[in-house]
Amino acid sequence: MTCRSKAAKVGGGLLLVALLAGIAGSAVKQKYSVHDKTRPHPPVATPAAQFGQPPSDAIILFNGKDLSQWRSDRGNGEAKWKIVDNDYVVVTPKAGSIHTQKVFGNCQLHVEWRTPEGVPAKVTDQNRSNSGVFLMGRYEIQVLDSYTDDNYKTNSTYADGQAAAIYGSHPPMVNATRKPGEWQTYDIAFLRPLFDEKGNVVRKARITVFHNGVCVQNNVEIEGTTTHKIKAKYTPHGEGPIGLQDHGNPIAFRNIWIRELPEQPYLIE
Ligand code: MG
């Protein structure tokens with residue numbers, strides 16, 4: 001089950017006429033012949049010494065120390081989840097979902113998360129360690145305890161609601177979920193939707209997800225805002241925040257960083 005973030009409204013209402021015009025213009029300007037020596041080189045992004053750590057051009061959204069870059073969906077006030085050991089933050093059930101103050105469009109997002117150990121077997125389905133990562137405050141990558149091995153009965157839920165699903169539409173291609181109590185990673189590449197001046201979608205959003213290093217969503221085109229038991233559809237919007245869901249379960253998060261990605265002119269020629 002999902003609770004659509006109120007934060008989805010942040011930055012909303014802005015249509016993208018100017019952006020579309022800019023893209024069209026840049027596409028014309030950036031047509032180069034093969035091996036054209038006048039073609040500008042991309043900027044440098046120095047990779048981190050360790051995989052999973054932010055490269056030089058990343059924006060650190062949470063480094064274990066504080067939630068100063070986050071706000072609560074409840075009244076847009078202070079984010080009141082619990083920080084532990086200057087390392088990670090845990091959802092405080094009923095405190096409300098949280099979202100970044102800064103808004104984003106196209107991006108690469110790294111999130112580490114952990115479901116708790118010791119949850120009774122009788123707690124199943126969407127109640128078993130549920131949270132979620134929201135792109136632009138409205139497109140959810142599900143967080144859930146979907147771990148399975150020979151000794152553990154799979155948490156039964158609908159496929160498009162298990163861990164790493166694009167909630168309500170796309171199950172992951174494989175289940176790469178680790179055990180409760182173990183840290184897991186999402187590495188997400190997101191191409192935002194674009195709308196014309198009438199609010200019609202002219203490019204649907206696309207999502208790629210690596211779960212614990214395993215590609216589970218490969219450039220998937222999605223049909224709209226995450227909802228529960230309703231077919232997704234688009235509502236025009238501008239940039240939006242990254243959201244983390246309070247679904248009533250104490251999920252831990254750490255090492256959250258994002259890279260803002262430019263439009264890629266070759267996609268729209
Ligand atoms: Mg969820």
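Brief remarks on what is shown
- Nearest-0.05 FRET efficiency for residue 80 and residue 35, computed from C-beta distance (R0 45 Å): 0.25
- Counting only protein heavy atoms and a probe of 1.4 Å, the accessible surface of the chain is 53% carbon and sulfur.
- Computed on the chain, with alpha-carbon pairs under 8 angstrom and 6+ residues apart, the relative contact order is 31 percent.
- Gain on full stretching of the segment that runs from residue 49 to residue 182 - 0.36 nm per residue minus C-alpha separation: 45.6 nm
- Counted by Cβ distance under 10 Å from residue 205, the other residues give a net charge of +3, where Lys and Arg count +1 and Asp and Glu count -1.
- Per residue, the solvent-accessible area of the chain (1.4 Å probe, heavy atoms of protein chains only, all protein chains present) comes to 51 Å².
- Protection proxy ranking, peptides 62-69, 44-51, 105-112, 166-173, average beta carbon neighbours within 10 Å, highest first: 166-173, 105-112, 62-69, 44-51
- Taking a ≥ b ≥ c as the square roots of the eigenvalues of the Cα gyration tensor, the chain is prolate, since a/c reaches 1.5 or more and a/b is larger than b/c.
- Cross-link partners of residue 37 among aspartates and glutamates (Cα-Cα below 12 Å; sequence separation of 8 or more within a chain): none
- Evaluated at q = 0.16, 0.17 Å⁻¹: base-10 log I(q)/I(0), Debye formula over Cα of segment 98-246: -0.83, -0.93
- Mean sequence separation of contacting Cα pairs (under 8 Å, at least six apart), scaled by the length of segment 158-269, corresponds to a relative contact order of 19 percent.
- In segment 61-108, the convex hull through the Cα atoms has an average projected area of 3.7 nm², a quarter of its surface area.
- Whole-Å distance, taken between Cα centres, linking segment 50-108 and segment 220-269: 15 Å
- Of 102/229; 80/122; 65/204; 82/102, those spanning more than 32 Å from alpha-carbon to alpha-carbon: 65/204
- Rounded, prolate or oblate (a/c below 1.5 giving rounded, otherwise prolate when a/b exceeds b/c) for segment 80-186 by Cα gyration tensor: oblate
- Note on residue 174/residue 102: beta-carbon distance plugged into 1/(1 + (r/R0)^6) with R0 of 35 Å gives a FRET efficiency of 0.60.
- For the chain, the longest principal axis of the Cα atoms and the long axis of helix 17-29 meet at an angle of about 60 degrees.
- Extension gain for residue 218-residue 233 works out to 3.4 nm (0.36 nm per residue, less the C-alpha to C-alpha distance).
The values are calculated or read from the model by the stated rules, or taken from the named source; none is laboratory data. All figures in this text were calculated on a predicted structure; none of them were measured in a lab. Ideal geometry is used to build each Cβ from the backbone, glycine not excepted, and the neighbour counts take in all protein chains shown. The accessibility values were calculated without ligands, DNA or RNA, using every heavy atom of the protein model including side chains. Shrake-Rupley method; radii C 1.70, N 1.55, O 1.52, S 1.80 Å.
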